[in-house]
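Written out below as structure tokens is the structure these notes cover.
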Amino acid sequence: MPDQDHSATSSVQRVRGACPHDCPDTCALLTTVQDGIAIKVQGNPAHAHTDGVLCTKVSRYTERTYHPERILQPLKRSGPKGSGQYTPVGWDEALGDIAARLLAIAAHNNPEAIVPYSYAGTMGLVQGESIAARFFHTLGASLLDRTICASAGAEGLVHTLGGKVGMQVQFFAESKLILIWGSNSIGSNLHFWRYVQQAKRNGARLVCIDPRKTETAEKCHEHIALRPGTDAALAFALMHQLITHDWLDHAYLAEHTVGWPALRERALQWPPERAAEVCGVPVEQIVSLARDYGQCVVNREPAAIRLNYGMQRTRGGGNATRAVVSLPALIGAWRHRAGGVLMSSSGQFPVQRAALQRPDLLAGRRPRTINMSTIGDALLDATAPRIEALVVYNSNPVAVAPDSGKVVQGFAREDLFTVVLEHFQTDTADYADYILPATTQLEHWDVHSGYGHTDALLNRPAIAPLGQSKTNTQIFRELAARMGLTDPCLSESDGELCRTAYGAQVDFAALLEHGFATIPLPDAPFATGQFPTPSGKCEFFSDRLAAQGLDGLPDYLPNYEAAGTSKDFPLAMISPPARNFLNSSFVNITSLRHIEGEPLLEIHADDAQQRGITTGAVVRIFNQRGTYRCKAKVSARARVGVVNGLGVWWRKLGLDGSNVNQLTSQQLTDLGRAPTFYDCWVEVALDAPPGDRENLTSMGQGARHRQP
Ligand SMILES: Nc1nc2c(c(=O)[nH]1)N[C@H]1C(S)=C(S)[C@@H](COP(=O)(O)OP(=O)(O)OC[C@H]3O[C@@H](n4cnc5c(=O)[nH]c(N)nc54)[C@H](O)[C@@H]3O)O[C@H]1N2
Ligand SMILES: Nc1nc2c(c(=O)[nH]1)N[C@H]1C(S)=C(S)[C@@H](COP(=O)(O)OP(=O)(O)OC[C@H]3O[C@@H](n4cnc5c(=O)[nH]c(N)nc54)[C@H](O)[C@@H]3O)O[C@H]1N2
Ligand code: SF4
Ligand SMILES: [Mo]
């Protein structure tokens, strides 16, 4: 397989690929290429989950790929950090200088002073952590704890079900009751929503559990608008009702679970009235949901839960996940292929991570680990070895990491050497010493796993790399060579890496031929237990957690910054993703940004009225960490006491050059060391009434020089 197959012919070709974005759907793409130019990106109809359909974002992929602001040559900083001023330089100069700087830091200080920072800009196994990981492991650089999205929920899953495992997504179409819990499926998991519609047509009842009245909540039969971070309380109240009405599968509990007597005891402390108080929802809603769920065991009908990461971004996110994913075992829902729970399927892929990333290259060294979710504090920490160099790829931390006041202050350090591999001059790239032009998914090979279905995918390049862009892998290969790192694994080609990703576990010939391959799995994986836990059972009580000195049972842990507990900051703020962006990706795509409009704060009419706020007014949202200004929208999407700051906008496209993360904190979750984006108290005040142009300076101008 050639490394880069840029066969530009005059004919029209259709090239099979995979969507690289951090989305549970991992769609199969078909790119139409004419004379070497990608003219259309569509869904591959041969792939059942994709079904020929893509979301609006990726349907416009050519607009992103050929965007006039794409970075197509290496850039060297020519102004102060954060100014966004750069001069083009050749690859030779850029890589030569970066290699020399990194070598000097490694030699004079400590290789641990060098820190990689990456996440899921591409979810590709090759353009993600392959050569990059080998490079940093060879150097002995600091390790990165990649916690920014899902690690609280992941730990919750691991300590209950045994891994990131669950129902097969397509069987939701056969469920009779579907709880969509902490997820805006229509916005962020569109292909799952197709299965839900099928189920609905077959008479299924749909319940959405979400503080925000999302477009998904509107289309369900019932919406439970609980306070952020109170999901465990709701789960315990459901258990309470299942127990007191004896809507239980006693045989399943006896044979396939651990710790039922103890969990039962704890759940009995949660009568619905107590949970209603904590969650801020009517007690009848809880009782009726419990009845619906309980009837499924009585009638032997499948009940399914689509849990998603929206509910684990608060202090108790890990415990809440444990409580919710315990529910199916109480009613024996796992006996049905259309019953159980799905949070993430990623643990079901046989990815050969060690072969790809080669942790053995550490050769006995144990570098420290930096948590990506507290990068602000880490950059400002003066303890040796101070972070001296940061190499950022597949991520935009200045926009997406919490407590951005601190993040920006850290990135602005004059003594920090920062390299950013990017497609665009993001908020993070504005602080780079060098910006290196990376290829997009249309320009490189990759292999994909996913977290919302269980098909492996292959991505073929559709077009040649634009301008002087290079693949992430190629950039790290060349950097390694210039730094005198000679292990042959540092020069493996993308073709070899694609084959390494699954080794013999997935038929590579099938990937080449069809573009995807389904991982063989049982229809109802836990119908007879066989959970991948140490006990082989669903672990309500986890000995592994108890051994760490933690509670072996799930519990309800109130938010650090619970709604209504602070006199100064009486409102809770959540900041869920916008439908037409993907985290901070696509914010610079004009047609998509026009659909989203501008950064908005949704606020309930009662909360707005108390503060003299009307739709279109500019508001100040503030807490102990800072202030962020945007326009308000008085909206029934917001519940009383909770405001919604939508989307991860680029800071430089917001008023005053900031975004919602100016307000979020670096406090971490109970399990998984993850951020608590949706555990954030604020106050909101009127800044300027609607139409006051004077207060709308700098919208879209990029007040990019502003420091915290
Ligand atoms: N269009 C689009 N799709 C995306 C993304 C995107 O930015 N845009 N992001 C991608 C990424 S990185 C991820 S991780 C996934 C996330 O996918 P999901 O986890 O499904 O996340 P969202 O759809 O954002 O749903 C989060 C929902 O949780 C709600 N929520 C907030 N706090 C709580 C809470 O305490 N309890 C409950 N029950 N609900 C709460 C929010 O209001 C929101 O509607 O989506 C991916 N897909
Ligand atoms: N307030 C708040 N903050 C949040 C969230 C929230 O809900 N609320 N969501 C959080 C979540 S769930 C996540 S996952 C994180 C996401 O945070 P990130 O993983 O940082 O995701 P993006 O913001 O999409 O930034 C990815 C960047 O990678 C670049 N990229 C894409 N492909 C490639 C490639 O092949 N090579 C290189 N070199 N670069 C590439 C893109 O251009 C983009 O700028 O944000 C988190 N931040
Ligand atoms: S972002 Fe999600 S829905 Fe859109 S094309 Fe990619 S995988 Fe499919
Ligand atoms: Mo995420």
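Residue-wise test of (1) farther than 26 Å from S542 by Cα; (2) at pLDDT 95 or above; (3) more than 31 Å from the chain's Cα centre (by Cα).
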| site | (1), (2), (3) |
| --- | --- |
| A199 | yes, yes, no |
| D210 | yes, yes, no |
| K213 | yes, yes, no |
| C220 | yes, yes, no |
| M239 | no, yes, no |
| A251 | no, yes, yes |
| G280 | yes, yes, no |
| I286 | yes, yes, no |
| R291 | yes, yes, yes |
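Among the candidates N371, N396, single out the residue that is in contact with a helix residue (DSSP H, G or I) (Cβ under 9 Å, 6 or more places away or on another chain), over 29 Å from G503 (Cα atoms) and surrounded by fewer than 23 Cβ atoms within 10 Å (Cβ to Cβ). Give the derivation first.
Details: N396 fails: surrounded by fewer than 23 Cβ atoms within 10 Å (Cβ to Cβ).
Sole residue among the options that is in contact with a helix residue (DSSP H, G or I) (Cβ under 9 Å, 6 or more places away or on another chain), over 29 Å from G503 (Cα atoms) and surrounded by fewer than 23 Cβ atoms within 10 Å (Cβ to Cβ): N371.
When the residues of the range 143-201 are filtered to those that are away from ligand 3 (no atom under 16 Å from the Cβ) and of a type in the set (S, T, N, Q), which remaining residue is nearest to E112 (Cα to Cα)?
Per the criteria, the residue is T147.
Filter the range 293-309 down to the residues that are among the charged types (D, E, K, R) and either over 30 Å from the mean Cα position of the chain (by Cα) or over 21 Å from M343 (Cβ atoms) (or both), then identify the one that is surrounded by the most Cβ atoms within 10 Å (Cβ to Cβ). Show your work before the answer.
First, pick out the residues of the range 293-309 that are among the charged types (D, E, K, R): 300-301, 306.
With the extra rule that they be either over 30 Å from the mean Cα position of the chain (by Cα) or over 21 Å from M343 (Cβ atoms) (or both), the set shrinks to 300-301.
Details: R300: 12, E301: 18.
Result: E301.
Among the residues in the range 31-38, are any away from ligand 1 (no atom under 16 Å from the Cβ), β-branched (V, I, T) and in contact with a Gly (Cβ under 7 Å, 6 or more places away or on another chain)? Steps first, please.
Going through the range 31-38, the residues away from ligand 1 (no atom under 16 Å from the Cβ) turn out to be 31-38.
Add one more test, that the residue is β-branched (V, I, T), and what stays is 31-33, 37.
Subsequent filtering for residues that are in contact with a Gly (Cβ under 7 Å, 6 or more places away or on another chain) retains 31.
Yes.
Are there strands (runs of 3 or more DSSP E) fully within the range 395-501 with at least 1 residues that are away from ligand 2 (no atom under 14 Å from the Cβ)? List them.
417-422, 455-459
Scan the range 32-52 and give yes if some residue there is closer than 17 Å to L458 by Cβ and touching a helix residue (DSSP H, G or I) at 6+ places or on another chain (Cβ under 6 Å), otherwise no.
Yes, there is a match, as at least one residue in the range 32-52 is closer than 17 Å to L458 by Cβ and touching a helix residue (DSSP H, G or I) at 6+ places or on another chain (Cβ under 6 Å).
Would you confirm whether or not the range 40-51 contains a residue that is within 30 Å of S345 (Cα to Cα), charged (D, E, K, R) and outside any helix (DSSP H, G or I)? Outline the logic, then answer.
So the first thing to find is which residues in the range 40-51 are within 30 Å of S345 (Cα to Cα), and the list is 40-51.
Next cut, charged (D, E, K, R) only: 40, 51.
Checking which are outside any helix (DSSP H, G or I) leaves us with 40, 51.
Yes, the range 40-51 has at least one match.
Let me confirm something: among P88, P45, which residue is in contact with an Asp or Glu (Cβ under 9 Å, 6 or more places away or on another chain), surrounded by fewer than 17 Cβ atoms within 10 Å (Cβ to Cβ) and either in contact (Cβ under 8 Å) with a residue 24 or more places away in the chain or not hydrophobic (A, V, I, L, M, F, W, C) (or both)?
Being in contact with an Asp or Glu (Cβ under 9 Å, 6 or more places away or on another chain), surrounded by fewer than 17 Cβ atoms within 10 Å (Cβ to Cβ) and either in contact (Cβ under 8 Å) with a residue 24 or more places away in the chain or not hydrophobic (A, V, I, L, M, F, W, C) (or both) holds for just one of P88, P45, which is P45.
For residues that are surrounded by fewer than 23 Cβ atoms within 10 Å (Cβ to Cβ) and either basic (K, R) or away from ligand 1 (no atom under 16 Å from the Cβ) (or both), tally how many sit in the range 21-30.
Matching residues across the range 21-30 total 1.
Within 12 Å of ligand 2 (Cβ to nearest atom) and not charged (D, E, K, R): does that describe G645?
When the stated conditions are applied, G645 passes them.
What residue, of G259, G182, G229, is over 19 Å from R579 (Cβ atoms) and within 16 Å of ligand 2 (Cβ to nearest atom)?
Details: G259 fails: within 16 Å of ligand 2 (Cβ to nearest atom); G182 fails: over 19 Å from R579 (Cβ atoms).
Checking each option against the conditions leaves just G229.
Go through (1) hydrophobic (A, V, I, L, M, F, W, C); (2) within 16 Å of ligand 4 (Cβ to nearest atom); (3) farther than 30 Å from R194 by Cβ and name the single condition L379 misses.
Result: L379 passes all but (2).
Let's see how each residue does on (1) in the same structural domain as G280 (by TED's automatic domain parsing); (2) on the phi > 0 side of the Ramachandran plot; (3) outside any loop (DSSP other than H, G, I, E, B):
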residue: A133; (1), (2), (3): no, no, yes
residue: A141; (1), (2), (3): no, no, no
residue: I178; (1), (2), (3): yes, no, yes
residue: F192; (1), (2), (3): yes, no, yes
residue: Y195; (1), (2), (3): yes, no, yes
residue: L206; (1), (2), (3): yes, no, yes
residue: P211; (1), (2), (3): yes, no, no
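Here are R227, R274: which of them is in contact (Cβ under 8 Å) with a residue 40 or more places away in the chain and surrounded by 19 or more Cβ atoms within 10 Å (Cβ to Cβ)?
The unique qualifying residue is R227.
A481 is checked against (1) in contact (Cβ under 8 Å) with a residue 24 or more places away in the chain; (2) surrounded by 14 or more Cβ atoms within 10 Å (Cβ to Cβ) and fails just one. What number does that condition carry?
Here A481 meets the rest and fails (1).
Only one of V126, V158 is of a type in the set (V, I, T), away from ligand 4 (no atom under 16 Å from the Cβ) and under 21 Å from D670 (Cα atoms); which?
V158
Can you tell which of A578, A562 is outside the structural domain of R639 (by TED's automatic domain parsing), out of contact with any Phe, Trp or Tyr (no Cβ under 6 Å at 6 or more places or on another chain), under 19 Å from M311 (Cβ atoms) and in a loop (DSSP other than H, G, I, E, B)? Step through it out loud before you land on a result.
On the way: A578 fails: outside the structural domain of R639 (by TED's automatic domain parsing).
The conditions single out A562.
Among the residues of the range 16-29, is there at least one that is farther than 30 Å from Q168 by Cα, of a type outside the set (F, W, Y) and either more than 16 Å from ligand 2 (Cβ to nearest atom) or at pLDDT 95 or above (or both)?
no
Look at A251 and say whether it is touching a Lys or Arg at 6+ places or on another chain (Cβ under 9 Å), in contact (Cβ under 8 Å) with a residue 24 or more places away in the chain and not assigned by TED's automatic domain parsing to the domain that holds V642.
No, not satisfied.
Select from the range 125-172 the residues that are surrounded by fewer than 24 Cβ atoms within 10 Å (Cβ to Cβ), closer than 30 Å to K537 by Cβ and not hydrophobic (A, V, I, L, M, F, W, C) and list them in ascending order.
Residues satisfying the conditions are D145, R146, T147, G162, G163, K164, Q168, Q170.
Please go through (1) of a type outside the set (S, T, N, Q); (2) in contact with a Pro (Cβ under 7 Å, 6 or more places away or on another chain); (3) closer than 16 Å to C23 by Cβ; (4) away from ligand 2 (no atom under 15 Å from the Cβ) for L190 and return the number of the only condition it doesn't satisfy.
Condition (2) is where L190 drops out.
Quick one: A608 ticks every box in (1) buried (at least 16 other Cβ atoms within 10 Å of the Cβ); (2) part of a loop (DSSP other than H, G, I, E, B) except a single one, so which number is it?
Only one criterion in (1) buried (at least 16 other Cβ atoms within 10 Å of the Cβ); (2) part of a loop (DSSP other than H, G, I, E, B) is unmet by A608, namely (2).
Among the residues of the range 521-554, write down those that are closer than 27 Å to P675 by Cα and surrounded by 18 or more Cβ atoms within 10 Å (Cβ to Cβ).
Listed by number, the residues that qualify are T533, C538, E539, F540, F541, S542, L545, G552, L553, P554.
Looking at the range 69-88, is at least one residue aromatic (F, W, Y) and either within 13 Å of ligand 3 (Cβ to nearest atom) or outside any strand (DSSP E or B) (or both)?
No, the range 69-88 contains no residue that is aromatic (F, W, Y) and either within 13 Å of ligand 3 (Cβ to nearest atom) or outside any strand (DSSP E or B) (or both).
If the requirement is being β-branched (V, I, T) and without any contact (Cβ under 8 Å) to a residue 12 or more places away in the chain, which of these qualifies: V283, V325, V351?
V283
Would you check if C149 is touching a residue at least 40 places away in the same chain (Cβ under 8 Å) and within 11 Å of ligand 1 (Cβ to nearest atom)? Reasoning before the result, please.
Working: touching a residue at least 40 places away in the same chain (Cβ under 8 Å): yes; within 11 Å of ligand 1 (Cβ to nearest atom): yes.
For C149, the condition - touching a residue at least 40 places away in the same chain (Cβ under 8 Å) and within 11 Å of ligand 1 (Cβ to nearest atom) - is met.
The values are calculated or read from the model by the stated rules, or taken from the named source; none is laboratory data. A quick note: this is a predicted structure, and the numbers were derived from the prediction, not measured. Neighbour counts run over all protein chains shown; Cβ positions are idealised from the backbone, glycine included.
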